[in-house]
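The structure under discussion appears below in the form of structure tokens.
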Amino acid sequence: MFVVNPFVYFVKVGVVILFLVGILQDPSPSSTSSSWTSSFSFVLVQPVSAYDNGLGLTPPMGWNSWNQFGCEGLNEDLVQDIAHAMIETGLYDMGYRYINLDDCWQTKRNSSGFIQEDITKFPNGIAKLAETIHSMGLLFGLYSDAGIKTCAGRPGGYGYEQNDVMMYDEWKVDYLKYDNCYNLGINLHQRYQRMHDALNSTASGRPIYFSLCEWGDDNPATWARSIGNSWRTTQDISPSWESMMKLTDINNQWWEYAGPGGWNDPDMLEVGNGDWTLQEQRTHFTLWCLMKSPLLLGNDLRNIPDDIMAIISNTEVIAWNQDPLGKQGYRRSQHKVVMTKDQEEIESSSSLLEVWAGDLVDGKIALVLLNRSDKEHTITATWTEDLNILDENKKMSIRDVWMHTDIGIYQQSFTSLVPPHGVMAVELSPWKNDDDDDDNVVPTLIE
Ligand code: GLA
């Protein structure tokens, strides 16, 4: 798939607008460089304005039925049990709120064009289920499609946006995921705009989180911020290292476009599903938190093994995801593996060792050393090249957010051994006692 590099996109648009603004504002050949500069910065800093519905100021957290239960497994009892488990396991206390039904809750439209729930799956109806979920202090989400059918062949929303939103409003739906199947080739922007307009004019005025799911087909990061609160940047995830890393790479291209009110969505979490290593699942969760991805659990919350619970309940990593600055972390550098063979050093053909980082509030930095190889390796992040810290001697206090321990005060760089398919995830905070005598600093850790 060809994807326009966002920076290139900005520059191209910038150059065209600069040209036009330059002509319109000051056609004289003596135009000064400062007016060019101000036109240029106007273009560069003017992001697509956010869908201002007050939602998604931090990425949404919750659960969605699809990854583990698909169409067949979805029903009323399951959803109620999951909601109870969300509270009883303590996941609610860690910030998980949404209980989202994916495809297959709906079955047909009545003669007036209103959507009907599948009563074999939801005998007491969606209204009652939503009420139960809300009575528990949780939020309730539904799924539909910007086409004539959903991907599983249930009725889609296209052409019925007003009717559907009337029902969502009555049921007090909090979140809508809007898919892209059976779209008849109708213009994508137009189809998503129609649902945006309907959601934006609910009778009650109650806002509904709008999650676009057009799978990254038309580079939604570049336009969807004014339409919805998040946009899928990728095709569907599956519970494997290859799938997760592929989606990570695609999602990473759009890091500059994420921010409070609008997020890149590389699909829902697969922690606790499938047959991949715990290390890989920990890497998945760490990267999703760092990239400010929606944290929608996709596993069976009624039965969570302790080691999986330890991943999804790591409040230090969740805090990265929910950091109020809302800056998506991204890849800073890639390095080749160096091996010694016959006393000679040789490099791997691809760069499998990576440094990722993201800025947090108060000058803190989330740093992830990622080892994509299948052997243990050391990886180094440097202040100036990887972390945009201008003063390489700046002392930063470092905390391991998986081991939950402070590991010392560092300058210039940080190096760590990283397990195969694993991460070393640390948080850097500016060392407050910079003027103090260096006796207060653990000397062995200053490099
Ligand atoms: C598409 C979406 C998935 C899921 C299914 C449901 O494939 O990308 O996330 O919602 O449809 O049918």
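Taking strands (runs of 3 or more DSSP E) that do not extend beyond the range 87-130, which have at least 2 residues that are within 16 Å of the ligand (Cβ to nearest atom) and in contact (Cβ under 8 Å) with a residue 60 or more places away in the chain?
On the way: elements: 98-100, 106-109, 115-117.
Once the strands (runs of 3 or more DSSP E) in the range 87-130 are filtered for at least 2 residues that are within 16 Å of the ligand (Cβ to nearest atom) and in contact (Cβ under 8 Å) with a residue 60 or more places away in the chain, what remains is 98-100.
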Taking the condition in contact (Cβ under 8 Å) with a residue 60 or more places away in the chain, more than 15 Å from the ligand (Cβ to nearest atom) and closer than 22 Å to residue 187 by Cα, does residue 211 pass?
-> no
Kindly check whether there is at least one residue in the range 64-78 that is small (Gly, Ala, Ser), surrounded by 15 or more Cβ atoms within 10 Å (Cβ to Cβ) and within 14 Å of the ligand (Cβ to nearest atom).
-> yes
Test for residue 361: is it in contact with a helix residue (DSSP H, G or I) (Cβ under 6 Å, 6 or more places away or on another chain) and either farther than 24 Å from residue 243 by Cβ or not aromatic (Phe, Trp, Tyr) (or both) | no
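For (1) under 19 Å from residue 432 (Cα atoms); (2) assigned to a loop (DSSP other than H, G, I, E, B); (3) within 19 Å of the chain's Cα centre (by Cα), each residue gets a yes or a no:
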| site | (1), (2), (3) |
| --- | --- |
| 352 | no, no, no |
| 356 | no, no, yes |
| 368 | no, no, yes |
| 381 | no, no, no |
| 389 | yes, yes, no |
Sort out which residues of the range 205-258 are part of a helix (DSSP H, G or I) and aromatic (Phe, Trp, Tyr), and write them in order of number.
-> 241, 255, 257
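Assess whether residue 183 counts as being part of a loop (DSSP other than H, G, I, E, B), in the same structural domain as residue 218 (by TED's automatic domain parsing) and surrounded by 15 or more Cβ atoms within 10 Å (Cβ to Cβ). Can you show your working first?
On the way: part of a loop (DSSP other than H, G, I, E, B): yes; in the same structural domain as residue 218 (by TED's automatic domain parsing): yes; surrounded by 15 or more Cβ atoms within 10 Å (Cβ to Cβ): yes.
Considered against the rule, which asks whether it is part of a loop (DSSP other than H, G, I, E, B), in the same structural domain as residue 218 (by TED's automatic domain parsing) and surrounded by 15 or more Cβ atoms within 10 Å (Cβ to Cβ), residue 183 comes out as yes.
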If we ask which residues in the range 401-424 are touching a Ser or Thr at 6+ places or on another chain (Cβ under 9 Å), outside any loop (DSSP other than H, G, I, E, B) and not hydrophobic (A, V, I, L, M, F, W, C), their number turns out to be 6
So which pairs qualify, if the first residue must be in the range 356-374 and among the small types (Gly, Ala, Ser), the second must be surrounded by 16 or more Cβ atoms within 10 Å (Cβ to Cβ) and part of a helix (DSSP H, G or I), the Cβ gap must be under 6 Å, and the two must be at least 6 apart or on different chains?
-> 358/290; 366/290; 366/320
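State yes or no: is residue 215 under 12 Å from residue 146 (Cβ atoms) and within 22 Å of the chain's Cα centre (by Cα)?
Values: under 12 Å from residue 146 (Cβ atoms): yes; within 22 Å of the chain's Cα centre (by Cα): yes.
Against the criterion (under 12 Å from residue 146 (Cβ atoms) and within 22 Å of the chain's Cα centre (by Cα)), residue 215 qualifies.
Here is a check on your reading of the model: is residue 277 among the hydroxyl-bearing types (Ser, Thr, Tyr), touching a residue at least 40 places away in the same chain (Cβ under 8 Å), more than 22 Å from residue 367 (Cβ to Cβ) and more than 15 Å from the ligand (Cβ to nearest atom)?
On the way: among the hydroxyl-bearing types (Ser, Thr, Tyr): yes; touching a residue at least 40 places away in the same chain (Cβ under 8 Å): yes; more than 22 Å from residue 367 (Cβ to Cβ): yes; more than 15 Å from the ligand (Cβ to nearest atom): yes.
Yes; evaluated as a whole, the condition is true for this residue.
Go through the range 399-430 and report how many residues are touching a Gly at 6+ places or on another chain (Cβ under 7 Å) and without any contact (Cβ under 8 Å) to a residue 40 or more places away in the chain. I'd like the intermediate steps shown before the answer.
Pass one, the range 399-430, residues touching a Gly at 6+ places or on another chain (Cβ under 7 Å): 430.
Now restrict to residues that are without any contact (Cβ under 8 Å) to a residue 40 or more places away in the chain: none.
Final tally of qualifying residues: 0.
The values are calculated or read from the model by the stated rules, or taken from the named source; none is laboratory data. The structure displayed is predicted, hence computed values, not measured ones. Virtual Cβ from ideal backbone geometry, glycine too; neighbours counted across all protein chains shown.
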